[in-house]
1. Residues V93, V85: which one is at pLDDT 90 or above and assigned to a helix (DSSP H, G or I)?
2. Considering only the range 66-76, I want to know if a residue exists there that is modelled with pLDDT under 90, on the phi < 0 side of the Ramachandran plot and more than 15 Å from the ligand (Cβ to nearest atom).
3. Which residue is surrounded by the fewest Cβ atoms within 10 Å (Cβ to Cβ), if the candidates are limited to the range 193-251 and must be under 17 Å from the mean Cα position of the chain (by Cα) and assigned to a loop (DSSP other than H, G, I, E, B)?
4. Given (1) among the polar types (S, T, N, Q); (2) surrounded by fewer than 14 Cβ atoms within 10 Å (Cβ to Cβ); (3) modelled with pLDDT of 95 or more; (4) more than 14 Å from the ligand (Cβ to nearest atom), identify the lone condition not met by N114.
5. Kindly establish whether A19 is within 16 Å of the ligand (Cβ to nearest atom), at pLDDT 95 or above and assigned to a helix (DSSP H, G or I).
6. If we keep just the residues of the range 117-140 that are within 30 Å of G48 (Cβ to Cβ) and within 16 Å of the ligand (Cβ to nearest atom), which is surrounded by the fewest Cβ atoms within 10 Å (Cβ to Cβ)?
7. For residues that are among the aliphatic types (A, V, I, L, M) and either in contact with a Lys or Arg (Cβ under 6 Å, 6 or more places away or on another chain) or not in a helix (DSSP H, G or I) (or both), scanning just the range 169-192, find the one that is nearest to G149 (Cα to Cα).
8. I need the full set of residues from the range 60-82 which are open to solvent by less than 10 Å² (accessible area, probe 1.4 Å) and either in a loop (DSSP other than H, G, I, E, B) or of a type in the set (G, A, S) (or both), in order please.
Amino acid sequence: MSAATDRRTEASVIAAWRALGDPRAAPDRRWVARLTGASLERVDATLGEADQLLPFDREIGAAHRAGGRPSYAQIRAPLELYAIVRLARPDHVVEVGVSSGVSSAHFLLGLRRNRHGTLHSIDFPTFAQGDRPGPQESPVAIPRGKTSGWAVPDRLRGGWDLRIGRSEELLPSLVAELPSVGLFLHDDLHTPAHLAFELRTVEPKLARGAVVLADNTVWTGVAFPRWAKHLGVPWYRRRRSDLVGLRAPDGSGVRAR
Ligand SMILES: C[S@@+](CC[C@H](N)C(=O)[O-])C[C@H]1O[C@@H](n2cnc3c(N)ncnc32)[C@H](O)[C@@H]1O
């Protein structure tokens, strides 16, 4: 990649994360490369598509501000989620934990660009008391009158399988319905037992080389590293954060994508 292309990619990425209003969104290209097995050049090329995400990220940022969430606590790696979808080309993406829908929107953007694959999301929403969540309320609370995924632009919603309810009740049947899971994100109830339950539930359907991500692992102790050990693969931390991921083995018992 030339220095000029490098600079253009960086400028697109910076613009996209500013539009989201969250400086934490600066992407970790090495993390994406480790998780997908792609070269850094391919990762950079995919992140270079960030300029095409800009109109969507501006719309999501504007929806957050209108909903009283100027500094909404969202997934810290939306651009990486997009890049992982582009590079891994999953048939089925499963995420648990939607709230306003930053992660969902970036998965949907990647799938749309791939012209392939479906996003299945589960959320048990936490509602705010009023139209604008108060300072004492959960940072993931949904403003009155809205529901899970409220900031996802309408033009991205076609084909989105969004299910409202507790993961404990919905995830096993969703996974049973799917032929395979090519990408999984845990971003809901952050307890060790709950994360372990979700990882155990998706494991039998993981596609070869599937990417599995878990956020806020500061609260889930050894649940993720222990599962990685059980699979016999390394796990990777995004920068110094507690958003982690692994690439499922290619071995037997793991399904075709
Ligand atoms: C951190 S937010 C998700 C943020 C989202 N991934 C994003 O990028 O904007 C966590 C969400 O999980 C929901 N949740 C909490 N416990 C849950 C459970 N047991 N099953 C499903 N969703 C749950 C919360 O209400 C909230 O909407």
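The values are calculated or read from the model by the stated rules, or taken from the named source; none is laboratory data. Worth saying up front: this structure is predicted, and the values here are computed from it rather than measured. Cβ atoms come from the backbone with ideal geometry, glycine included; neighbour counts cover every protein chain shown. These area figures cover heavy atoms from the full protein model, side chains too; ligands, DNA and RNA do not enter into them. Shrake-Rupley method; radii C 1.70, N 1.55, O 1.52, S 1.80 Å.
1. Going through V93, V85 in turn, the sole match is V85.
2. Yes, the range 66-76 has at least one match.
3. Only one residue fits best here, namely R239.
4. Going through (1) among the polar types (S, T, N, Q); (2) surrounded by fewer than 14 Cβ atoms within 10 Å (Cβ to Cβ); (3) modelled with pLDDT of 95 or more; (4) more than 14 Å from the ligand (Cβ to nearest atom) one by one, N114 breaks only (2).
5. No.
6. Looking at the filtered set, the residue picked out is H120.
7. L185
8. Listed by number, the residues that qualify are G61, G67, I75, A77.
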